[in-house]
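A short worksheet on the structure shown next.
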Amino acid sequence: MTVDAVSSTTGSDNQRVNNNDSNELSSNMQHHLLYTLGCFDHQKAKDWSQALALAVRDHLMHDWQQTRLKETTYETKRGFYLSLEFLLGRSMNNAVMSMGLRSSAGRALQELGQAYEELESEERDAGLGNGGLGRLAACFMDSCAALALPVRGYGIRYEYGMFHQSIREGRQFEQPDHWLMAGNPWEIEQADRTCTVKFYGRSEFYVNDAGASCKRWVDTHDVLAVPYDMPIPGYKNGVVNTLRLWKAAATHEFNLQDFNDGDYADAVAQKNLAEQITMVLYPNDASENGKELRLRQQYFLASASLQDVISEWCVKHGDDFSQFAKFHCFQLNDTHPTLAVAELMRLLIDEHGLEWDEAWEITTGTMAYTNHTLLPEALERWPVRLLGELLPRLLDIIYEINARFLAEVAHRWPGDVERQRRMSLIEEGQEPHVRMAYLGIVGSFSVNGVAALHSELLTRGLFRDFFALWPEKFNNKTNGVTPRRWLAHCNPGLKQLIDSCIGKEWVCELDRLEHLKNYADDAAFQQQWMDVKQDNKRRLAALVKDKCGVDFDEHFIFDIQVKRIHEYKRQLLNVLHVIHLYDKITRGDAEQVAPRCVLIGGKAAPGYFLAKLTIKLINNVAAVINSDERVSERLRLAFLPNYNVSAMEIITPAADLSEQISTAGKEASGTGNMKFMMNGALTIGTYDGANIEILDAVGEEHFFLFGLKEDQIVKHRMQHSPSSIVENDLDLARVIGLLQCGHFSMFEEGIFQPLIDSVLNPHDPWMTAADFRSYVDAQQRAADAYENKKLWTRSSILNTAMSGKFSSDRTIREYAQDIWKIV
Ligand code: 26Q
């Protein structure tokens, strides 16, 4: 953009208003209001919001075009991030900040009688993900663009994203999230890049023109994949990368055929069947495992994305794939897109005439797999029967990959049949299954975990046999989060304070935050730091009041746990502690209890009984605590409904204490822990996932560590005896007693018994009783520490100062250097 001679400074970002930008935005908004949106009068905030989005989008089109043109010159290698989930949240602020338009947009809107913040909050979250894994993909896209790396995301354009959660009588209810209802100004349909994805049919032998015997996939039911592109702007660097999301549509031929046969109704039904594929995001739910529609989604993404990349390649190189691996790398976000391994083989062999060995070299030279879980029950397996029906040609290929792989195992460990059985891609049994993680490992040149402990546990446990065979494939890439969204955008007060001390460069070089250490003991700076936190706490308190009707007092410690509800994450342990505090206060020990507001939020998978019951417990306990005046002077509890990305943007800056309390060895990494640390919260946490690296970075004095470690858990498991723990711990006994006697379920007798049983179960996999005492003690240390505001603030500053490692820029640099080899 040209620089205008007359500029002034406004806005929270202290950016200069560029009058050209401001005028351009203004006239483009008015243009879009009338010509694109057809608003003749009575424009509502949502209309202005869309008009603003379209005007901002116009502004980045030129950079988008330039970035795209560079990609297809094949001068450099490119990365492709394949993921069933991209949990983007809102796009507006990201785009506006990236292009340095915040002040200009503010001015333009002001002159049109609108407020930027209000329009920003009109945008619906793109909730195209469940939680950590999906949000990680979104942070990664942001970092790739910020680092000007040629990386494209491929995902699914779900019509319905993550469900909306409401709470009635303390229980979770799910409503569909039709986020596209009012249109999505950030997407552009690219109909001319539509491709066809095959399903069903059968594979047959035939003899090709050269007289060779080949296989092909015939009598298929085809579905169209239509791409929708979303811009991913880099932070003030002129780069705009692409996130390409696929929508399923019925093929024209299909309809025509049936229409011509006179079978109108059937044709329409077929159309629906095809379009079902991208209708809804699956919640991460064990009870949903093995669903055919989910498999169709996975293949749909893998096939469409690979075809798209290959067709771009062929424009320049025809069927010459000799250099293909030099220019492409596919990162598989968990096993969800791992059918890509078999699909790339199929495309290269069946559609482009390569020999097996050549195709295999390309496949294993371009695929890289990331694992995100250690829970054995979460590892994906698909029934062979289902694969054979839905994707017969892929099953052929998987069998062939397995045969060749097992020959390699047999060669390495002659006669070790048991090992072959263990490592086989096919799990034998009544109903044989394909082990998707093993397909990912065998078909990739790189396998990584997402935190140091997690990666180590993978090679020691789940993937031990594969590590013995190919140690060089395995590596760690500790997760990170984007500091643009998770500090600069969500915490403008802190951003301004940090900018004023150490300059603005930290936004793209987060290690620079370490300079804040020099201010950690500065009384004036500490006061400013506290003031920002108080403001942020007031902002969250208003949200809690609005959504939960609970009064949060910003002078209390804000103790927060927000994440998916799962037994291993132990929201239950948190509630047990809250009940313990309640018990202490009602017993007359109030003076001993430091004033505390506890906030818990998160969605339970719709079919996950104990997770949903935990939500009910939190709400029932909250109702008792908040209505008892003796207690509510010191203790408040609220469950925030419909926790999502936008809610997190208000929650993170307001936290004093971040709850990261998973059973050691179960949380692969965690990323909420990083967002909280960056915003100056202190962590109360177990020795698990990335908590360990947070602890290492900030030091034990500024972190409340508790609980058994992973190796202790393994040892302790055998003799775990919750009943004797309860016998020897009066506090826990009283908590269980309160639950048991129905104190929190007055008119709902016995409803919490399953939760009580889970704690008292000697085989409790989550070891809740075992960590109770240690947790309560750590909470006491946290409460005591909070009494000394200066020391607490010092620790808070040091947490932010030492959070540099947890920028996703660092993570992406590591992917780019070590795996993708694109820098
Ligand atoms: C599987 C089968 C059928 C339907 C859904 C799923 C499914 C969907 C989503 C399974 C798993 C997920 C998501 C997993 C996830 O979010 N894992 C988290 O990944 C984060 C990023 O690496 C880590 O920080 C967390 O520790 C990990 O739990």
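The values are calculated or read from the model by the stated rules, or taken from the named source; none is laboratory data. Remember, it's a predicted structure, so these values are computed and weren't measured experimentally. Heads up, the Cβs are rebuilt from the backbone with ideal geometry, glycines too, and the neighbour counts pull from every protein chain shown.
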Find all pairs meeting these conditions: Cβ atoms under 9 angstrom apart; at least six residues apart or on different chains; first residue within region 372-392 and more than 18 Å from ALA605 (Cα to Cα); second residue assigned to a loop (DSSP other than H, G, I, E, B) and among the basic types (Lys, Arg).
LEU374/LYS666
Being within 16 Å of the ligand (Cβ to nearest atom) and at pLDDT below 95 is the requirement here; does GLU456 meet it?
no
Which listed residue is at pLDDT 95 or above, of a type in the set (Lys, Arg) and away from the ligand (no atom under 13 Å from the Cβ), from ARG636, ARG630
ARG636
Can you name every one of the helices (runs of 4 or more DSSP H) wholly within region 76-175 that holds 1 or more residues which are within 16 Å of the ligand (Cβ to nearest atom) and touching a His at 6+ places or on another chain (Cβ under 8 Å)?
132-146
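Can you report the number of residues in region 340-354 which are in a helix (DSSP H, G or I) and either surrounded by fewer than 17 Cβ atoms within 10 Å (Cβ to Cβ) or basic (Lys, Arg) (or both)? Break it down stepwise before answering.
The initial filter retains those residues of region 340-354 that are in a helix (DSSP H, G or I), namely 340-351.
So of that shortlist, the ones also either surrounded by fewer than 17 Cβ atoms within 10 Å (Cβ to Cβ) or basic (Lys, Arg) (or both) come out as 346, 351.
Within region 340-354, residues that are in a helix (DSSP H, G or I) and either surrounded by fewer than 17 Cβ atoms within 10 Å (Cβ to Cβ) or basic (Lys, Arg) (or both) number 2.
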Hey, can you tell me all the residues within region 39-88 that are hydroxyl-bearing (Ser, Thr, Tyr) and more than 30 Å from LEU295 (Cβ to Cβ)?
SER49, THR67, THR72, THR73, TYR74, THR76
For region 624-645, which positions are more than 31 Å from the chain's Cα centre (by Cα) and assigned to a helix (DSSP H, G or I)?
VAL624, ILE625, ASN626, GLU629, ARG630, VAL631, SER632
Exactly one of (1) in contact with a Ser or Thr (Cβ under 9 Å, 6 or more places away or on another chain); (2) part of a loop (DSSP other than H, G, I, E, B); (3) away from the ligand (no atom under 16 Å from the Cβ) is unmet by PRO337. Its number?
(3)
Per the filter on region 366-417, residues within 13 Å of the ligand (Cβ to nearest atom) and in a loop (DSSP other than H, G, I, E, B) are ASN371, HIS372, THR373, LEU374, LEU375, LEU379, GLU380
Restricting the search to region 652-676, which residues are among the β-branched types (Val, Ile, Thr) and more than 17 Å from the chain's Cα centre (by Cα)?
ILE661, THR663
Could you say whether any residue in region 96-119 is modelled with pLDDT of 95 or more, farther than 23 Å from SER669 by Cα, under 21 Å from the mean Cα position of the chain (by Cα) and among the aliphatic types (A, V, I, L, M)?
no
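Quick one: in region 397-417, which of the residues that are within 37 Å of the chain's Cα centre (by Cα) and of a type outside the set (A, V, I, L, M) is farthest from HIS433 (Cα to Cα)?
Ranking the qualifying residues of region 397-417, first place goes to GLU408.
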What are the pairs with Cβ atoms under 7 angstrom where one residue, in region 659-671, is over 13 Å from THR683 (Cβ atoms) and of a type in the set (Lys, Arg) and the other, located anywhere, is modelled with pLDDT under 95 and in a loop (DSSP other than H, G, I, E, B)? Sequence gap at least six, or different chains.
LYS666/LEU374; LYS666/LEU375
Return the residue satisfying two criteria in turn: it lies in region 646-666 and is assigned to a loop (DSSP other than H, G, I, E, B) and of a type outside the set (Gly, Ala, Ser), and of such residues it is nearest to GLY493 (Cα to Cα).
ASP656
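Just to be sure before I move on: is THR683 at pLDDT 95 or above, touching a helix residue (DSSP H, G or I) at 6+ places or on another chain (Cβ under 9 Å) and either part of a helix (DSSP H, G or I) or within 12 Å of the ligand (Cβ to nearest atom) (or both) in the structure I sent? Break it down into steps so the answer makes sense when it comes.
Working: at pLDDT 95 or above: yes; touching a helix residue (DSSP H, G or I) at 6+ places or on another chain (Cβ under 9 Å): yes; either part of a helix (DSSP H, G or I) or within 12 Å of the ligand (Cβ to nearest atom) (or both): no.
Criteria not met by THR683.
State which residue is surrounded by the most Cβ atoms within 10 Å (Cβ to Cβ) when the search covers only region 686-732 and only residues that are among the β-branched types (Val, Ile, Thr) and not in a loop (DSSP other than H, G, I, E, B). So that I can check it myself, show each step before the final result.
To start, the set of residues in region 686-732 that are among the β-branched types (Val, Ile, Thr) comprises 686, 692, 694, 698, 713-714, 725-726.
Keeping just the survivors that are not in a loop (DSSP other than H, G, I, E, B) gives 692, 694, 698, 713-714, 725-726.
Values: ILE692: 22, ILE694: 26, VAL698: 20, ILE713: 23, VAL714: 13, ILE725: 20, VAL726: 20.
Among those that are among the β-branched types (Val, Ile, Thr) and not in a loop (DSSP other than H, G, I, E, B), it is ILE694.
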Assuming ASP285 fulfils every condition listed in (1) within 16 Å of the ligand (Cβ to nearest atom); (2) among the acidic types (Asp, Glu); (3) surrounded by 22 or more Cβ atoms within 10 Å (Cβ to Cβ) apart from one, which condition is it?
(3)
